[in-house]
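So the structure is just underneath, and the comments pick up after that.
The values are calculated or read from the model by the stated rules, or taken from the named source; none is laboratory data. Since this is a predicted model, take the numbers as computed values, not measurements. Cβ placement follows ideal geometry from the backbone for every residue including glycine, while neighbour counts extend to all protein chains displayed.
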Amino acid sequence: MTDEVAISKEEAEKIAKEEVEDDDDFEDAFEEEDGVDGKFRVSQEELSIVRAELACEFPDDYNYLSDEYILSVASKPYSKDPSIRRPLEYTMEKLTHVMEWRAENGAPQMEELVKLANGPESAPEAVENPEDLTKAKALVSCLNNGSVYWHGFTKSGAPVMWIRTNRKPWYPDVDAEINNLILLADAGIRCMPKGVTEFVCISDSTSPPPPNPSFMVRMLKALVKGYPDRLKLLVSAPVSSIIQFVMNLLLPLMPGRLASKVSLQDVNGMRAQLMDLLEGGENDIPTFFGGPSDHDQYYPEESICPNRGQGTLKFDYFGMMDRLKKAKLQYEQDHVNEITNADNVAAAAAAEGTKGDS
C-alpha cells in the first residue's frame, strides 16, 4: 500500500461540500458543538425533568444516556452567551436531536444485527428478514477486518478505541462502515466507568487506504450529530501525506472544540503521549507502537480468524465486550476513592443548585 492520495484536493472538497449541503441539520449540530468548555451547576430536579421527558419520548432507548452525560451536556456554557449555562430547553432539544438521530440510523438495533449475522442463514429471523440479514452481513464484514476495536482505559477512565488504518479496505461500503462505527461507539459508551462520559481514539495510521471523502464526511457528521461531547481526544501517528490530506479536508468542517481534540504525532511523540495517557502507562503501549502489549492475540488479522458462530462473524466482538466490562470493573475498584469523592462533590453541587433555585 503506497502513501499516495488517489483523489485530488479539488475533487475531495467538492464531494465533501455536497455531503454537507445535502444535510440541512448538520450546520445546526455543528454550531451546537462549537462552544467553549466549562461547567455550571445543574440541580437534581433539572436532571429529573430531562430524564423524564426523554423516557416519555424515547421509552426503548432513553437509558442509553447516562445521568453523567446528561449533566455534562446541560452544564456547559451557552454557545450564544458563554457567560451563562445552556438553558434547559436548549439541552433538551440537543439531547432530543441525538435520540432522533439514533432512531433514524437504527443505532439501538446494531448489536442485534451482529447476533443475526453470527447465526445460521436458515434461522427463522434471518429467513423472515432478508434485508436485515444483508445489512447484518455487511456490518459484520466491516467488523471482521479488525480495523477498529476497544481495548483498555486511560488514567482518567475513558475507554480507548484503537484504529488500525492498514486494515481498512481501499473501497469501503460507506453505509456498513458507519453502522460499524455506531455499533462500536455504543459498545464503548455502555462500558464507561461511573462518572465518565467521553472516549479516546488512538490511530495507528501506518499505510492508510486512499481517502474516501464520502465516508470521512459521514463519519464526522455521525460524531457531531450522534455523539456530541463524547470524543475526549484523538491521537494519530505517524503523519503521512494521506493523513495530512484527510485533516486538511476535515478540519474546516469541524467545530472548533472538536478540532482542538485531534493530536497528530510521530511515533516517538505517540509513545510519550501514550505513557502519560494509558491506565497502565508503558505496559499498555501496543506492539505496533513499540510497546509490550500484543493486541493481535485478541484481534488478529481476519485471515487467521475462525467463524465465531454459524454465520459470518469472525471478529471477537463478544469477547471484546467481556474484556471491556472486566476492565471497567477493575478500573472502578482501583479508583473507588476518586469516584466516591467525585460523587460527593457532584451531590453537593446539585444540592446547592437546588437550594439556589428555590
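For the stretch 304-319, a tally of residues being hydroxyl-bearing (Ser, Thr, Tyr) and in a loop (DSSP other than H, G, I, E, B) returns 1. In the condition set (1) without any contact (Cβ under 8 Å) to a residue 24 or more places away in the chain; (2) assigned to a helix (DSSP H, G or I), THR96 is compliant with all but (1). The set of residues in the stretch 259-273 that are touching a residue at least 12 places away in the same chain (Cβ under 8 Å), within 18 Å of THR154 (Cβ to Cβ) and in a helix (DSSP H, G or I) comprises GLY269, MET270, ARG271, GLN273.
Residue by residue, here is whether (1) closer than 25 Å to TRP170 by Cα; (2) buried (at least 20 other Cβ atoms within 10 Å of the Cβ) holds:
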site	(1), (2)
ASN105	yes, no
MET110	yes, yes
LYS115	no, no
PRO124	no, no
LYS135	yes, yes
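For ILE202, the criteria (1) over 27 Å from PHE318 (Cα atoms); (2) at pLDDT 90 or above hold in every case but one, which is (1). Among the residues of the stretch 139-167, those that are in a loop (DSSP other than H, G, I, E, B) and under 17 Å from the mean Cα position of the chain (by Cα) comprise GLY146, SER147, SER156, GLY157, ALA158. Quick check on ALA103: is it more than 30 Å from VAL239 (Cβ to Cβ) and among the aliphatic types (A, V, I, L, M)? In short, yes. Within the stretch 223-245, the only residue that satisfies the criterion of being in contact with a Lys or Arg (Cβ under 9 Å, 6 or more places away or on another chain), in contact (Cβ under 8 Å) with a residue 60 or more places away in the chain and under 19 Å from ASN180 (Cβ atoms) is GLY226.
When LYS194 is tested against (1) assigned to a loop (DSSP other than H, G, I, E, B); (2) within 27 Å of ASP266 (Cα to Cα); (3) touching a residue at least 60 places away in the same chain (Cβ under 8 Å), only condition (2) is not met. Residue count for the stretch 221-245 under the criterion of being basic (Lys, Arg) and part of a helix (DSSP H, G or I): the result is 2. Among the residues making up the stretch 172-216, a single one is buried (at least 19 other Cβ atoms within 10 Å of the Cβ), in contact with an Asp or Glu (Cβ under 9 Å, 6 or more places away or on another chain) and among the acidic types (Asp, Glu): GLU198.
Looking only at the stretch 197-220, residues that are within 21 Å of VAL267 (Cβ to Cβ) and either in a loop (DSSP other than H, G, I, E, B) or hydroxyl-bearing (Ser, Thr, Tyr) (or both) come to 6 in all.
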